[in-house]
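The values are calculated or read from the model by the stated rules, or taken from the named source; none is laboratory data. Bear in mind that the values here come from a model prediction, so they are computed numbers and not experimental data. Here the Cβ is made from the backbone with ideal geometry for all residues, glycine too, and neighbour counts use every protein chain on show. These area figures cover heavy atoms from the full protein model, side chains too; ligands, DNA and RNA do not enter into them. Shrake-Rupley method; radii C 1.70, N 1.55, O 1.52, S 1.80 Å.
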Amino acid sequence: MAEVSIREPGIGSPAINLTRRERMRATFSAYPRAVWFMALCNLILWTGRGIVIPFTVIYFSQIVGLSASLVGAGIAASGLGGIAFVMLVAGQIDRRGGRPVLLLCMSIIAFATLGYPWATNVWIFLLVTVVLTFASQLYWPSSDSTIASITDPTRVAEAMSILRVANAIGIGAGGFIGGALATGGGMDEYRVLFLTSAAMVGSAALLVWRTVPSVILPSKSADGAHGTWSDILPDRTFLYALVVLFMLIFGFTQITMSVPAFLRAEAGIGEGTIGLLFTLNTILVVMTQIPITARLSRRHVSRPLALGAVLWALSFAWFLATPMLGVPAAIAAFLAFTAGELLFMPITAIIPVRLAPVHLRGRYFSLTSVVWGGSYSFASLVGGVALDLPEPAVLWVIMIGLMLIGGLSALRLQSSDRLNPVNASAS
């Protein structure tokens, strides 16, 4: 068997010659078994979520008959309410641990997804969307806190990357399954789609309950005080990084919220092909995300983050061309988007891990989740309004400009030594 030379995650550590089988065994043994169970749970959960996410706007705007603007506004309003909700309960993650909150979130997501097939009027749609969005926003900090509690502190970002790969596999596989289930485009097909999703999310919650231990990290500072939100306000580096992430998440959201509906209505690309495009994204993420994350974990975040933003600007330029060029332009757009995603997603985990004191990790993760939720909400509103315009392609022009501004803003983070791995404060 051929030997390969690898380098351990530590900076400056010597190269070690291992066979491929030994390298794989070393990778698995580097993390507790609970980390791999969490990855399996995420795979199941996000396969279920991936079944519905690319087709939610299509379902409510083109099958149920609600306007795309109303759907976008409903998602935006619930997302903004979710911000207040997360900030209200985030302290419970630090005090009680991530696992109990995670289990509650997953259970609520399952029940809310179960209600979507019958949310065929405005008020039921808004009610179910509020419940689902609140739980979804709280899911991320509780999941991140859970994985941080069961992982070696020096490998938290890499463990999170394993979960992100599982997420990507799930979303891609789910997109493929969802495209197959929705083929035909009728109400019955879409109801089967939502029910399948709910069953998978519920199964993932049961698996977390049975396989992932509850570990509570220290919830007090060295002087014995519980952390508060005011402890985060002096961290200018973190707050600035969140502004940059807000801009870039605005673009990231469009790939699931606006791209499928745009491709179907404006470029004539069907659900099955859309599902295959998400599968292409998944294959590339699975093949490359973990080694890319290992490299990023040894570098400053600013330049990779800026490069990811530029790649997304290129991706949106290709989406702009899909009404004329069709599927080839869509493939090019997904390839460019995936390249940017491979840089962006690990950095969203690396930033709070490097900057957060241990007793404030729940709040740092929660505030990062709030930024995700807020950007997602505004992006959904803008995307919904744009899809109702006579020229919906204007959305991609706006996104190109925003991604370039976000990329330039990311370069300013280069001046922060705390975002270098050797100076990270989290431990």
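The table below lists the values:
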| item | result |
| --- | --- |
| Test result for residue 151, surrounded by fewer than 22 Cβ atoms within 10 Å (Cβ to Cβ) and farther than 18 Å from residue 75 by Cβ | no |
| Looking only at region 90-113, and only at residues there that are open to solvent by 40 Å² or more (accessible area, probe 1.4 Å), touching a helix residue (DSSP H, G or I) at 6+ places or on another chain (Cβ under 7 Å) and not small (Gly, Ala, Ser), the one that is modelled with the lowest pLDDT | 92 |
| Matching option when the condition is over 18 Å from residue 249 (Cβ atoms), in contact with a helix residue (DSSP H, G or I) (Cβ under 8 Å, 6 or more places away or on another chain), of a type outside the set (S, T, N, Q) and modelled with pLDDT of 90 or more, among 313, 329, 336 | 329 |
| Unique match (being touching a Phe, Trp or Tyr at 6+ places or on another chain (Cβ under 8 Å) and within 16 Å of residue 50 (Cβ to Cβ)) among 162, 171 | 171 |
| Single residue of region 396-422 satisfying the filter (more than 20 Å from residue 254 (Cβ to Cβ) and of a type in the set (Gly, Ala, Ser)) that is surrounded by the most Cβ atoms within 10 Å (Cβ to Cβ) | 416 |
| Cross-chain or 6+ apart pairs with Cβ under 6 Å, region 312-326 first and surrounded by fewer than 18 Cβ atoms within 10 Å (Cβ to Cβ), then of a type outside the set (A, V, I, L, M) and at pLDDT below 95 | 323/266 |
| Test: residue in region 169-184 that is β-branched (Val, Ile, Thr), open to solvent by less than 10 Å² (accessible area, probe 1.4 Å), touching a residue at least 60 places away in the same chain (Cβ under 8 Å) and within 28 Å of residue 269 (Cβ to Cβ) | no |
| Top-ranked residue in region 258-281 [being under 16 Å from residue 315 (Cβ atoms), among the β-branched types (Val, Ile, Thr) and in a helix (DSSP H, G or I); ranked as modelled with the highest pLDDT] | 259 |
| Failed item in (1) open to solvent by 10 Å² or more (accessible area, probe 1.4 Å); (2) under 20 Å from residue 245 (Cβ atoms); (3) in a helix (DSSP H, G or I), with residue 309 passing the rest | (1) |
| Residue in region 264-293 that is most open to solvent (accessible area, probe 1.4 Å), counting only those that are farther than 17 Å from residue 327 by Cβ and not hydrophobic (A, V, I, L, M, F, W, C) | 291 |
| Any hit, region 374-386, residues being under 19 Å from the mean Cα position of the chain (by Cα), more than 24 Å from residue 77 (Cα to Cα) and of a type in the set (A, V, I, L, M) | no |
| Some residue of region 347-364 being open to solvent by 10 Å² or more (accessible area, probe 1.4 Å), out of contact with any helix residue (DSSP H, G or I) (no Cβ under 7 Å at 6 or more places or on another chain) and β-branched (Val, Ile, Thr) | yes |
| Residues of region 43-59 classified as in contact with a Ser or Thr (Cβ under 7 Å, 6 or more places away or on another chain), open to solvent by 10 Å² or more (accessible area, probe 1.4 Å) and not aliphatic (A, V, I, L, M), total | 1 |
| Breaking point among (1) within 27 Å of residue 72 (Cβ to Cβ); (2) part of a helix (DSSP H, G or I); (3) among the hydrophobic types (A, V, I, L, M, F, W, C), for residue 408 | (1) |
| Subset of region 125-146 that is among the aliphatic types (A, V, I, L, M) and open to solvent by less than 30 Å² (accessible area, probe 1.4 Å) - its residue that is farthest from the chain's Cα centre (by Cα) | 128 |
| Failed criterion for residue 73 (all others in (1) among the aliphatic types (A, V, I, L, M); (2) at pLDDT 80 or above; (3) assigned to a helix (DSSP H, G or I) hold) | (2) |
| Criterion: of a type in the set (A, V, I, L, M), under 22 Å from residue 375 (Cβ atoms) and either open to solvent by 10 Å² or more (accessible area, probe 1.4 Å) or in contact (Cβ under 8 Å) with a residue 60 or more places away in the chain (or both) - qualifying residue of 122, 86 | 86 |
| Positions within region 377-400 being free of Cβ contacts under 8 Å to residues at least 60 places away in the same chain and of a type outside the set (A, V, I, L, M), in sequence order | 390, 391 |
